[in-house]
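Notes for the one structure printed next.
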Amino acid sequence: MAKTKGRGVLKAVDGVIAITVNINGRDQALKVVSGEYLLDTLRREGYKGVKKGCDNGDCGTCTVLLDGRPVLACMMFAAQAHGRRVLTIEGLGTPDRPHPIQQAFVESGAVQCGFCIPGMVLATKALLDENPDPDEPAARRALDGNLCRCTGYVKQIEAVLLAAKRIKASPGGK
Ligand code: FES
Ligand code: FES
């Protein structure tokens, strides 16, 4: 995997900042406007799986992983991602080869309109990377910042636990 080296000092020229961010394993040189949020940068660059829900830090639909930890892309400046690794849902699986977490969400019936699912899947990935054997309270805590307007917050928890089981049974599958 390509790594973004050295964070260096950023300078704005006419309000534009040049940054390098490793997105889904690939270093990308980006120009962002001073004060631009990471959510808007990612969507402009084509990562439309990063959803804009509330745009206010409340719903979790914009969750991405920053150096492996979940962050709200609507609440951090794009420039803060300079020199760091960002994982969006596009980096996790494909329709032909879904990641085990994505598969578990589908099989558990956790997906209705799907708007909240990229954020939930990425929050789940961060959890399982840190704790491969979560109990139900741990799964609930991991998703407690991710709102869903369609479901009752039962199927998603079942999906997290199913994904954990699958990944444990198939080492290297995560
Ligand atoms: S869009 Fe970021 S938390 Fe809702
Ligand atoms: S499945 Fe529709 S918002 Fe969650």
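Each reported figure results from applying straightforward, stated rules to the coordinates on display, with no laboratory input. These numbers come from a predicted model, not from an experiment. Glycine gets a Cβ as well: all are built from the backbone with ideal geometry, and neighbour counts include every protein chain shown.
Note on the range 100-169: with charges restricted to the Cβ of Lys and Arg (+1) and Asp and Glu (-1), its dipole about the Cα centre is near 160 debye.
Across the range 28-44, rounded Karplus estimates of 3J(HN,Hα) from the backbone phi angles (6.51 cos²θ - 1.76 cosθ + 1.60, θ = phi - 60°) give 10, 8, 10, 10, 10, 7, 3, x, 6, 8, 4, 4, 5, 5, 4, 5, 5 Hz, Gly and Pro being marked x. Taking other residues whose beta carbon is less than 11 angstrom from the beta carbon of Gly91, and scoring Lys, Arg as +1 and Asp, Glu as -1, yields +2. For the residue pairs Lys11/Lys52; Lys48/Lys168; Lys11/Lys125, the C-alpha atoms sit more than 32 angstrom apart in Lys11/Lys125. Summary of the geometry: the range 132-174 and the range 32-96, compared by the centres of their Cα atoms, lie 21 Å apart.
Helix 117-130 and the long axis of the chain differ in direction by around 80°, with both axes built from C-alpha atoms.
Entry note, the range 12-88: relative contact order of 36 percent, from Cα contacts under 8 Å with a spacing of 6+ residues.
As a length-normalised measure over Cα pairs under 8 Å and 6 or more apart, the relative contact order of the range 58-174 settles at 32 percent.
Only helical runs count toward this figure. For the chain, summing -39,500 (n - 2.57) over DSSP H runs of n ≥ 4 and dividing by all residues gives -8500 deg cm²/dmol at 222 nm. Amide H contacts under 5 Å for Gln28: Val21, Asn22, Ile23, restricted to partners 5 or more places along the chain or on a different chain, H placed in the peptide plane at 1.01 Å from N.
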